[in-house]
Amino acid sequence: MAVFAADNTVRSILDPAGAMVHWSEYDRGGHFPGMETPDLLVADLDAFARLVVAGGE
């Protein structure tokens, strides 16, 4: 999950148990991160893909 320029309460609503394997929060970006902050989006997708390839550890 990647949250761009969102309220800090998002995680408590979507992942209260802390069960999500990959969670990122950014202080910039918005609803369209691919257009607004493509550098952050690509880096986050890359980090997630590496996690999946490594087996989620």
- prompt: Taking N as the number of residues in the chain, what is its Cα Rg relative to 2.2 N^0.38 Å?
  reply: 1.17
- prompt: Which net charge results when you count Lys and Arg as +1 and Asp and Glu as -1 among the other residues whose beta-carbon is under 14 Å from that of Ser24?
  reply: -3
Ala5 long-range amide H proximity, modeled H, under 5 Å: Tyr26, Asp27, Arg28
message: Given contacts defined as C-alpha pairs under 8 Å and at least six residues apart, what's the relative contact order of the chain, whole-number percent?
response: 36 percent
message: Can you give me the accessible area per residue for the chain, using a 1.4 Å probe, in Å²?
response: 72 Å²
- prompt: For the chain, what % of the accessible area comes from carbon and sulfur atoms, probe 1.4 Å?
  reply: 61 percent
statement: So Phe48 and Met20, fully extended at 0.36 nm per residue minus their Cα-Cα distance, gain in nm 8.9 nm
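The values are calculated or read from the model by the stated rules, or taken from the named source; none is laboratory data. Worth saying up front: this structure is predicted, and the values here are computed from it rather than measured. We place every Cβ from the backbone using ideal geometry, glycine too, and count neighbours over all the protein chains shown. With ligands, DNA and RNA removed, areas are computed over all heavy atoms of the protein, side chains included. Shrake-Rupley method; radii C 1.70, N 1.55, O 1.52, S 1.80 Å.
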